[in-house]
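Before any comments, here is the structure.
The values are calculated or read from the model by the stated rules, or taken from the named source; none is laboratory data. Since we're looking at a predicted model, the values are computed, not measured. Reconstructed Cβ throughout: ideal geometry from the backbone, glycine too, with neighbour counts over all protein chains shown. Each accessible area value is taken on the protein alone, full model and side chains, heavy atoms only, with ligands, DNA and RNA left out. Shrake-Rupley method; radii C 1.70, N 1.55, O 1.52, S 1.80 Å.
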Amino acid sequence: MTNPQSTTPEWKALPVVVAGLGVSGISAARVLRELGADVTVVDGGAGEGLKARAAELEAQGITVRLGDGASLPEGTRLIVTSPGWPPNSPLFAAAEQAGVEVWGDVELAWRLRRPLPATGEPAPWLAVTGTNGKTTTVQMLASILTAAGKRTAAVGNVGVSVLDAVLAEEPYDVLAVELSSYQLHWAPSLRPHSAAVLNLAPDHLDWHGSMEAYAADKGRIYEGNVVACVYNLADPATEALVREADVEEGCRAIGFGLDAPGPSNFGVVDGLLVDRAFVPDRAKNAAELGTVEDVSPPVAHHPSVEGAPHRRPAAPHNIANALAAAALARAYGVEPKAVREGLRAFRPDAHRIAEVAVVDGVTYVDDSKATNTHAAAASLAAFRPVVWIAGGLAKGATFDDLVQGAAERLRAAVLIGEDRALIREALARHAPDVPVIEAAEGQTGAVAMAEVVRTAASLAQPGDTVLLAPACASMDMFTNYGERGDLFAASVRELAGG
């Protein structure tokens, strides 16, 4: 199986195992079956939902084995895994012993890319990873590329499935690809046109085993970059990954940050977004790409304590995301005008620092997508004073640095979820004067969130922000972070009288 993307016959009757019956696993199984492979899907679960999915795949000639995610079917030549399966899974140990290669869905998509008629080459990938900000940055990038007249999509962990994108009947000119550390771990041959690592902070350490392994998987995104390795000037760990990467000759390191940029960097000068990398004579010249007001959400209007409206500029981390997106777009050759137009057209997803309502002078903000400490820190830095709603599944995280950095901004904290004690203890150590209320113990779903919002409202004063930025995963109390945010918004609207 030297070149699985070249012709269909190489796939014909090839025994392939797909690990996981989630969205990416189902997509991979169907694609492989269409290519002629002999596909078996394995999953350790056996619930009713999985049985229904299994029945749909079996009707298409795909074998499904539920309740067994550990044993390797005899004769397997390749495993395609869903991103969430950790490297120490017994299935992969069996694969290693048998000499069977393991790919992720991203690796499969990379191998299946088709050449564009105009160039004879596959559509380039502009790739983004990082602990936080990936989705926002990739969507900003897609908006900029669209403004430049390119057929594009935000794909990977967001928007269109990366497999669907590379196999689309109408091909894309260029793809904006969000990649998690899980996906990068299982994508050994990925070589993007240009890539960015936005930041690095401890996350998913239970999956990777160590911070070093987590960072190494993030750094895979730079391997083989052709034009630009984009890194965060405020995060030296991202620059270290660039230095370690094996890139194509002529590929450049491009930094972004919130200060005035030096040559080869992107930054901010007097409220202007500035490029000093992709301009003639970058030692002396710069290109204006827009203003900080072009970054969405640009402002939020609501009554101040005195009753007059006031403006809240975009959070600093969103401006940094915009600069990273701009750097990748400029590496691809997009003109400055399209950068500005794309940033102005962009609107963020739900649950990412989304203002829900103002009730009795208190602003309620949904940042349910802040599922780790790094994201929560960025969210907390955008507001003061804050009644902070936090807690859930910690995923191996610690909270001392987060609480220490945010202590002076906190009016109070409302703690929820399985690992609330970790946050409570950090607050006791670093913010002992901040009132802490534990809410919704033993409750889940809408009932729990209604109590949480009522509790937070009782602690807030006019001019405060009640901020849902949990710094934890949601699955102990909610289906996912989206449901957590939706129920928060619904409870706030109920508080406001509909």
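In table form, for the structure just shown:
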read-out	value
Positions within the range 241-266 being surrounded by fewer than 22 Cβ atoms within 10 Å (Cβ to Cβ), in contact with a helix residue (DSSP H, G or I) (Cβ under 8 Å, 6 or more places away or on another chain) and among the small types (Gly, Ala, Ser), in sequence order	245, 253, 257
The range 169-183, residues that are touching a Lys or Arg at 6+ places or on another chain (Cβ under 9 Å) and without any contact (Cβ under 8 Å) to a residue 24 or more places away in the chain	170
Filter pass, residue 361 being under 21 Å from residue 198 (Cβ atoms), open to solvent by 10 Å² or more (accessible area, probe 1.4 Å), more than 22 Å from the chain's Cα centre (by Cα) and not aliphatic (A, V, I, L, M)	no
Leading residue by the ranking (nearest to residue 183 (Cα to Cα)) among those in the range 2-20 that are modelled with pLDDT of 90 or more and assigned to a loop (DSSP other than H, G, I, E, B)	20
Helices (runs of 4 or more DSSP H) completely within the range 127-185 that count 3 or more residues being in contact with a Ser or Thr (Cβ under 8 Å, 6 or more places away or on another chain) and buried (at least 22 other Cβ atoms within 10 Å of the Cβ)	134-147
Contacts under 8 angstrom Cβ, first residue in the range 416-429 being touching a residue at least 12 places away in the same chain (Cβ under 8 Å) and of a type in the set (Lys, Arg), partner in a helix (DSSP H, G or I) and surrounded by fewer than 18 Cβ atoms within 10 Å (Cβ to Cβ), 6 or more apart	429/400
Among residues of the range 16-28, those that are open to solvent by 10 Å² or more (accessible area, probe 1.4 Å) and not β-branched (Val, Ile, Thr), counted	3
Neighbours by Cβ (under 6 Å, 6+ apart or cross-chain): first from the range 448-471, in contact (Cβ under 8 Å) with a residue 40 or more places away in the chain and buried (at least 21 other Cβ atoms within 10 Å of the Cβ); second among the small types (Gly, Ala, Ser) and assigned to a helix (DSSP H, G or I)	449/491; 453/491; 466/456; 469/376; 469/379; 471/376
Filter result (in a helix (DSSP H, G or I), surrounded by 23 or more Cβ atoms within 10 Å (Cβ to Cβ) and touching a Gly at 6+ places or on another chain (Cβ under 9 Å)) within the range 318-337	318, 320, 321, 322, 323, 324, 325, 326, 327, 329
Total residues in the range 67-92, condition more than 29 Å from the chain's Cα centre (by Cα), more than 18 Å from residue 103 (Cβ to Cβ) and of a type outside the set (Ser, Thr, Tyr)	3
Pair list, Cβ under 6 Å, 6 or more apart: the range 29-58 residue surrounded by 14 or more Cβ atoms within 10 Å (Cβ to Cβ), other residue among the hydroxyl-bearing types (Ser, Thr, Tyr)	35/8; 36/8; 40/63
